[in-house]
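These notes are about the structure you will find just below.
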Amino acid sequence: MTTPWEDWNHILKIDPDKDLPEGVTYGDLCATGTDAVEVGGTMGITEENMSAVIEACAEHDVALYQEPSSPDVVVEDDALDGYLIPTVFNAGSPFWITGAHKEWVRLDTELDWERTATEAYIVMNPDADVATYTEADCDLSAEDVASYAEVAERMFGQEIVYLEYSGTFGDPSIVEAAAEATDESTLFYGGGIDGYDSAFRMATHADVIVVGNLAHEAGVDAVRDTVEAANDA
Ligand code: 1GP
């Protein structure tokens, strides 16, 4: 697979289980200047709601990726540029490290490896659904996180390391530690970005910032501000 994320600064993550703010369309979000739209979520995800969002975004000129939370919601659609598959390095259950992946490969004998890459997640917010779901150990120091990041890059050859604070703004010093520990991997940061300043703060450390809830809770202008910050940093 090619590695377009090396050139990205900003990802907009759209959760198919959440509504858009009144008057906002998927087209508006695709046109914010974000480098890529990633369609994914943790709870309430079905193949149907995934497909609906993918189809709505496919009409617009933006890189489009699916981030399936489990094998049964993978959507086969030529409009997708690819699949970004989470593997949770600090998961308590091995199902979320390699188990779900094994099931996907078992069930899908014609998996499109050319369009498939993994994201090495380090889940940091214990209150997030993703932490509960994966039984993640979020009690990690900056040193622990940096070490996980280095393991992901050096031992497991992960092209993407994803520091995930979903729903809350993370500790910039921990993001900085992860950035220092990675050399060739692209570092994604996601969680609690709510405008220009928070986006800029994390984008000074991470290679790519991921904006999620804001797209569902605020207007398009707020999202556009985070794109600007990611490009400025
Ligand atoms: C969630 O990392 C993303 O997977 C973004 O988090 O929804 O808190 O912006 P927020």
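The values are calculated or read from the model by the stated rules, or taken from the named source; none is laboratory data. All values derive from a computational prediction rather than experimental measurement. Methodologically, a virtual Cβ is constructed for each residue, glycine included, from the backbone with ideal geometry; neighbour enumeration extends over all protein chains shown.
Quick notes
- When the stretch 42-86 is limited to residues that are touching a residue at least 60 places away in the same chain (Cβ under 8 Å) and closer than 22 Å to Glu6 by Cβ, the one that is surrounded by the fewest Cβ atoms within 10 Å (Cβ to Cβ) turns out to be Asp81.
- Total residues in the stretch 106-146, condition exposed (fewer than 12 other Cβ atoms within 10 Å of the Cβ) and of a type in the set (A, V, I, L, M, F, W, C): 2
- Of all residues in the stretch 184-233, those satisfying the criterion of being of a type in the set (Gly, Ala, Ser) and outside any helix (DSSP H, G or I) are Ser185, Gly190, Gly191, Gly192, Gly195, Ala206, Gly212, Ala218, Gly219, Ala233.
- Some residue of the stretch 163-180 being within 16 Å of the ligand (Cβ to nearest atom) and touching a Pro at 6+ places or on another chain (Cβ under 7 Å): no
- Scanning the stretch 36-69 for residues that are away from the ligand (no atom under 15 Å from the Cβ) and in a loop (DSSP other than H, G, I, E, B) gives Thr46, Glu59, His60, Asp61, Val62.
- Of the residues examined, Val151 is one that is surrounded by fewer than 17 Cβ atoms within 10 Å (Cβ to Cβ), in contact (Cβ under 8 Å) with a residue 24 or more places away in the chain and out of contact with any His (no Cβ under 6 Å at 6 or more places or on another chain).
- Scanning the stretch 197-214 for residues that are within 9 Å of the ligand (Cβ to nearest atom) and surrounded by fewer than 19 Cβ atoms within 10 Å (Cβ to Cβ) gives a single hit, Asn213.
- Matching residues, the stretch 147-166, being out of contact with any strand residue (DSSP E or B) (no Cβ under 9 Å at 6 or more places or on another chain) and either of a type in the set (S, T, N, Q) or more than 27 Å from Thr116 (Cβ to Cβ) (or both): Ser147
- Within the stretch 179-204, residues that are under 22 Å from Val130 (Cα atoms) have Cβ atoms under 9 Å from residues that are more than 13 Å from the ligand (Cβ to nearest atom) and at pLDDT below 95 in these pairs: Thr186/Thr3, counting only partners at least 6 apart in sequence or on another chain.
- Residue check, Ile122 within 16 Å of the ligand (Cβ to nearest atom) and within 19 Å of the chain's Cα centre (by Cα): yes
- Answer from Asp171, Asp194, Asp183 - the residue that is surrounded by fewer than 22 Cβ atoms within 10 Å (Cβ to Cβ), charged (D, E, K, R) and under 19 Å from Val227 (Cβ atoms): Asp194
- Helices (runs of 4 or more DSSP H) enclosed by the stretch 108-183 - at least 1 residues per element that are closer than 18 Å to Asn213 by Cβ and charged (D, E, K, R): 129-134
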